[in-house]
Amino acid sequence: MDKQVIKNELVDKSNNILAKYAEPDIVESISVMNMAAKTVFLGSLRVYNEDNVKNIKKDLEKQLRDYGELTIRDEKVIPCCAPRYIHISFNISIT
């Protein structure tokens with residue numbers, strides 16, 4: 001499958017999940033790392049309502065696991081001059 005097509009699908013799926021839970025942030029792009037044996041797609045989402053984190057991670061798992069090896073992480077971020085949020089990142093390795 002074409003890398004640009006996968007990248008666009010990942011952006012769309014991420015934004016649909018954020019919209020489903022009424023999260024105000026959007027994903028503008030997905031990073032792509034080309035390696036000798038695999039391609040890795042990296043994405044990140046900002047989730048402001050902590051109650052949504054578990055469901056968003058579950059939806060990401062369901063919708064993205066078929067692309068390749070999926071890893072999802074989350075981390076609390078407390079900026080000095082902006083609302084706190086949970087940073088959810090994912091990477092998908094495709095061989």
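Whole number in Å², please: accessible area per residue of the chain, 1.4 Å probe, ligands, DNA and RNA not counted.
Numbers: 6000 Å² over 95 residues.
For the chain, the solvent-accessible area averages 63 Å² per residue.
Would you look at the GNM of the chain, springs on alpha carbons closer than 10 Å, and say which of ASN52, ASN15, ASN34 moves the most? Comparing ASN52, ASN15, ASN34 in the GNM, the peak value goes to ASN34.
When the listed pairs LYS3/LYS76; LYS3/LYS54; LYS7/LYS57; LYS7/LYS76 are checked against a 23 Å cut-off, the alpha-carbon distance exceeds it for LYS3/LYS76; LYS3/LYS54; LYS7/LYS76.
How big is the dipole moment of the chain about its Cα centre under a simple scheme where the beta carbon of each Lys and Arg is +1, that of each Asp and Glu is -1, and everything else is neutral? Debye, nearest 20, please. Write down the numbers at each step before the final one.
Working: 14 positive and 14 negative charges, 34 e Å.
For the chain, the charge dipole is close to 160 debye.
Rounded to the nearest 10 degrees, the inclination of helix 3-20 to the longest alpha-carbon principal axis of the chain is 20 degrees. Helix 53-64 and the longest principal axis of the Cα set of the chain meet at an angle near 20°.
Taking the 1.4 Å solvent-accessible surface of the chain as the whole, the part contributed by carbon and sulfur is 47%.
Assuming R0 = 30 Å, what is the FRET efficiency of VAL32 and ILE78, from their Cβ-Cβ distance, to the nearest 0.05?
Values: r = 30 Å, r/R0 = 0.99.
Calculated value: 0.50.
The values are calculated or read from the model by the stated rules, or taken from the named source; none is laboratory data. Every value quoted in this text rests on a predicted model; they were computed, and no experiment measured them. Please note: Cβ atoms are built from the backbone with ideal geometry, for glycine as well, and neighbour counts cover all protein chains shown. Just so you know, the surface numbers come from the protein's heavy atoms only, side chains and all, with ligands and any DNA or RNA stripped out. Shrake-Rupley method; radii C 1.70, N 1.55, O 1.52, S 1.80 Å.
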